[in-house]
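This report refers to the structure that appears directly beneath it.
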Amino acid sequence: MTFPTDQQRVADQLTIGSELLYLSRGDVEDLQLTRDAILELTRQALVEHGHHRYEMPAKIGVHPYDNVFYHAMPAYLSGPGIVGMKWIECYPDNPRTFDLPQTTGLLVLNDVDTGVPLAIMDSAWLTAMRTPAVTVLAAAALHPDATTFGMFGCGVQGIEHVRYAALAMPKLETIFVYDTNEAAADALIAELQPELDLRIIKGESPEAVTKSAEVLSSATVILREPLAVVKDEWVTAGQTVLPCDLNTFWDPRTARRADKYIVDSIEEHELFASMGYFPDGLPEVAAETGEVLAGVSPGRENSDEIIVNSNIGMAVCDIAVGHAIMHRALERGVGVRLRL
């Protein structure tokens, strides 16, 4: 799948400058953009980022409460000509306190030639789908022969990480999962084991999972002070660690002693470090994820390397996937037209 780039395709379906398309979460989900398509769109966006054919300032945000954030995430991909912004917020206590999702948000897409808004869509599903796509694309590039994968966190992100890992890592045989809420791990296995042609095993402990898997990922909470659930001494030569939760879940010493510390965006990690999310300092960065996927920078160079690859989410991936969703919606007549 490639980026739809012909402005006339939009103009044939939408009166540019007079109306925009609104897509609810239900609309977005019902369009059924496949995981294979999302993987390819995300890969293309990362490669564009790796070749530095983009404009994307580090996330800016506000923090009404200490444990929440709102992020404004604008981006422009010059190759396919896509521009837009995601406005996303994270309230970790929402599920327990209000029976609402932890993460909600909107994505806005604009016309590059005129600047006018083209579409506004719910971005929760999009975020849940493109985040694990980045993880497993990086995992496949950094550890292509992996047969074991460990997932910490069995919520929405954990479930999709397992699905994507099974899809994008062809030699995978076993996935170990762990969650502090044992019922969440049980639910993940009950949902996914019937549909996946590999073994999913509930880990007895973080230590057991860490010592059982070649590739490890985490999608838990993002906190300024590291929880260091996974101890540094558990991580050994040859493992690949892919956090989606910054510096929270892992012992910070692991990233500092890794043979390579790779991040999706240096600017964004430096911003988070300035906000106190890396109290011991940001480790020296060897490369960006997109540079590895684009072949600009080396990934794994020998089997004994410990590689930590921190991906916290980039707007270039959001707008790439959102752009494809918009085109599919226009072609199928999905969504509500709003007057500008």
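Got a number for residues in segment 194-219 being within 25 Å of E305 (Cα to Cα) and either touching a strand residue (DSSP E or B) at 6+ places or on another chain (Cβ under 6 Å) or crowded, with 20+ Cβ neighbours inside 10 Å (or both)? It would help to see each step written out before you state the result.
Restricting attention to segment 194-219, the residues satisfying the condition of being within 25 Å of E305 (Cα to Cα) are 203, 205-219.
Subsequent filtering for residues that are either touching a strand residue (DSSP E or B) at 6+ places or on another chain (Cβ under 6 Å) or crowded, with 20+ Cβ neighbours inside 10 Å (or both) retains 203, 206, 209-210, 212-219.
Qualifying residue count for the region: 12.
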Discussion item. Suppose we filter segment 129-152 for residues that are in contact with an Asp or Glu (Cβ under 6 Å, 6 or more places away or on another chain) and either among the hydrophobic types (A, V, I, L, M, F, W, C) or open to solvent by less than 10 Å² (accessible area, probe 1.4 Å) (or both); how many remain?
Written reply: 2
Worksheet, complete the sentence: Just one listed residue, out of Y70, Y65, is more than 21 Å from the chain's Cα centre (by Cα) and of a type in the set (S, T, Y), and it is Y65
Worksheet entry | Within segment 66-114, considering residues that are buried (at least 17 other Cβ atoms within 10 Å of the Cβ) and among the small types (G, A, S), the one nearest to D245 (Cα to Cα) | G105
Fill in: Near pairs, Cβ below 7 angstrom, 6+ apart or cross-chain, from segment 66-85 (more than 27 Å from E225 (Cα to Cα)) to any residue that is polar (S, T, N, Q) and buried (at least 16 other Cβ atoms within 10 Å of the Cβ)
V83/N110; G84/N110
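Can you tell me which of D36, D27, D6 is among the charged types (D, E, K, R), at pLDDT 95 or above and out of contact with any strand residue (DSSP E or B) (no Cβ under 8 Å at 6 or more places or on another chain)? Can you show your working first?
Working: D27 fails: out of contact with any strand residue (DSSP E or B) (no Cβ under 8 Å at 6 or more places or on another chain); D6 fails: at pLDDT 95 or above.
From the options D36, D27, D6, the qualifying one is D36.
For the structure I just gave you, tell me whether P252 is crowded, with 23+ Cβ neighbours inside 10 Å and either out of contact with any helix residue (DSSP H, G or I) (no Cβ under 6 Å at 6 or more places or on another chain) or at pLDDT below 95 (or both). Can you show your working first?
Working: crowded, with 23+ Cβ neighbours inside 10 Å: no; either out of contact with any helix residue (DSSP H, G or I) (no Cβ under 6 Å at 6 or more places or on another chain) or at pLDDT below 95 (or both): yes.
Against the criterion (crowded, with 23+ Cβ neighbours inside 10 Å and either out of contact with any helix residue (DSSP H, G or I) (no Cβ under 6 Å at 6 or more places or on another chain) or at pLDDT below 95 (or both)), P252 does not qualify.
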Practice prompt. Pull up segment 228-249, narrow it to residues that are assigned to a loop (DSSP other than H, G, I, E, B) and among the hydroxyl-bearing types (S, T, Y), then point me to the one that is most open to solvent (accessible area, probe 1.4 Å).
Written response: T236
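Among the listed residues Y164, Y91, which satisfies the condition of being modelled with pLDDT under 95 and touching a Leu at 6+ places or on another chain (Cβ under 8 Å)? Spell out how you get there, then give the answer.
Details: Y164 fails: modelled with pLDDT under 95.
None of the other options fit; the residue is Y91.
Would you confirm whether any residue within segment 185-195 is modelled with pLDDT under 95 and not charged (D, E, K, R)? Let's see the steps before the verdict.
We begin by selecting, within segment 185-195, every residue modelled with pLDDT under 95; these are none.
Within segment 185-195, none of the residues are modelled with pLDDT under 95 and not charged (D, E, K, R).
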Worksheet item: Within segment 174-190, can one find any residue that is within 24 Å of P92 (Cα to Cα), open to solvent by less than 10 Å² (accessible area, probe 1.4 Å) and touching an Asp or Glu at 6+ places or on another chain (Cβ under 7 Å)?
Response: yes
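Kindly evaluate E19 against the criterion of being more than 24 Å from N309 (Cβ to Cβ) and of a type in the set (D, E, K, R).
Numbers: more than 24 Å from N309 (Cβ to Cβ): yes; of a type in the set (D, E, K, R): yes.
Against the criterion (more than 24 Å from N309 (Cβ to Cβ) and of a type in the set (D, E, K, R)), E19 qualifies.
The values are calculated or read from the model by the stated rules, or taken from the named source; none is laboratory data. What you are looking at is a predicted structure, and each value in this text was computed from that prediction instead of being measured. Heads up, the Cβs are rebuilt from the backbone with ideal geometry, glycines too, and the neighbour counts pull from every protein chain shown. Areas reflect the complete protein model, heavy atoms only, side chains present, ligands, DNA and RNA absent. Shrake-Rupley method; radii C 1.70, N 1.55, O 1.52, S 1.80 Å.
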